[in-house]
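Asker: Structure provided below as structure tokens; questions to follow.
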Amino acid sequence: MAGPPAPPVTRQVGRARGCGQRPELGELREAARCLVVDADGRSIPFKALYGERKAIVVFVRNFLCYTCKEYVEDLAKVPEAFLQEANVRLIVIGQSSYHHIKPFCSLTGYTHEMYVDPQREIYKTLGMKRGEGNNVSVRSPHVKSNTLLGSIRSMWRAMTGPAFDFQGDPAQQGGALILGPGNEVHFLHLDKNRLDHVPINTVLQLAGVKTVNFTNKPQIIDI
């Protein structure tokens, strides 16, 4: 059984201002008014995603990025039943045209909520960086491909896609938040580079959601 919901987290990781600070309330209110677009082209306010219930919101770099693809492939393994039991939404936001949402969901097997912020307004408001940080030693536990092979795959998808579309700003970094209900900010991590992902089980645990075995190895249960 899942453990009790984690208390709100006030620690912040990866913020340019330094650790220990959450987004200014004005920043969140400004971001809340920005619009995101769903797979059918419908626009809704960002706050509608977390205003009524807690939400894990993951911002990805772009839909061609191999690290984002592999991270979202693991997000797809989070059972809907775990989220419903904790009354938490799981949301991915990209920064391409909405036309790319359905193909990316099909590619990754992701069936939870996905939206786009085509003008990167929320990315900018919340301070998500562009460019790669200096800490190249960071490794995401959810990325299986090496840099060379992953980059080749990303480039091939770009070349074989319509009009050599990079499906977003290639320099944009992402992040992860736990928001809501209302203006509550429980957790924020802004990625320093393409491999600086928060482990998914860390975010699930902080949101009060059961964790997932991503290793495909049988879990050992202590009796």
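The values are calculated or read from the model by the stated rules, or taken from the named source; none is laboratory data. Worth saying up front: this structure is predicted, and the values here are computed from it rather than measured. Methodologically, a virtual Cβ is constructed for each residue, glycine included, from the backbone with ideal geometry; neighbour enumeration extends over all protein chains shown. Keep in mind that these areas ignore ligands, DNA and RNA; they rest on the heavy atoms of the full protein, side chains included. Shrake-Rupley method; radii C 1.70, N 1.55, O 1.52, S 1.80 Å.
Asker: In this structure, does C68 turn out to be in a helix (DSSP H, G or I), touching a strand residue (DSSP E or B) at 6+ places or on another chain (Cβ under 9 Å) and at pLDDT below 90?
Answerer: Details: in a helix (DSSP H, G or I): yes; touching a strand residue (DSSP E or B) at 6+ places or on another chain (Cβ under 9 Å): yes; at pLDDT below 90: yes.
So C68 passes the test.
Asker: Next up: Would you mind finding the one in V92, V78 that is outside any strand (DSSP E or B), buried (at least 21 other Cβ atoms within 10 Å of the Cβ) and modelled with pLDDT of 95 or more? Full working, then the answer.
Answerer: Numbers: V92 fails: outside any strand (DSSP E or B).
From the options V92, V78, the qualifying one is V78.
Asker: Name the residue that is modelled with the lowest pLDDT, counting only residues in the stretch 108-141 that are closer than 17 Å to Y66 by Cβ and open to solvent by less than 80 Å² (accessible area, probe 1.4 Å).
Answerer: Let us first name the residues in the stretch 108-141 that are closer than 17 Å to Y66 by Cβ, namely 108-110, 132, 136, 138-141.
Next, only the ones that are open to solvent by less than 80 Å² (accessible area, probe 1.4 Å) stay: 108-110, 138, 140.
Working: T108: 93, G109: 96, Y110: 97, V138: 60, S140: 67.
Among residues in the stretch 108-141 that are closer than 17 Å to Y66 by Cβ and open to solvent by less than 80 Å² (accessible area, probe 1.4 Å), the one modelled with the lowest pLDDT is V138.
Asker: Would you pick out the residues in the stretch 178-199 that are buried (at least 24 other Cβ atoms within 10 Å of the Cβ) and modelled with pLDDT of 95 or more?
Answerer: Result: I178, L179.
Asker: While we're looking at this one, here's another question. What about A16, is it modelled with pLDDT of 95 or more, of a type outside the set (F, W, Y) and either in contact with a helix residue (DSSP H, G or I) (Cβ under 6 Å, 6 or more places away or on another chain) or open to solvent by 10 Å² or more (accessible area, probe 1.4 Å) (or both)? Before you say what the answer is, go through the steps one by one.
Answerer: On the way: modelled with pLDDT of 95 or more: no; of a type outside the set (F, W, Y): yes; either in contact with a helix residue (DSSP H, G or I) (Cβ under 6 Å, 6 or more places away or on another chain) or open to solvent by 10 Å² or more (accessible area, probe 1.4 Å) (or both): yes.
No, not satisfied.
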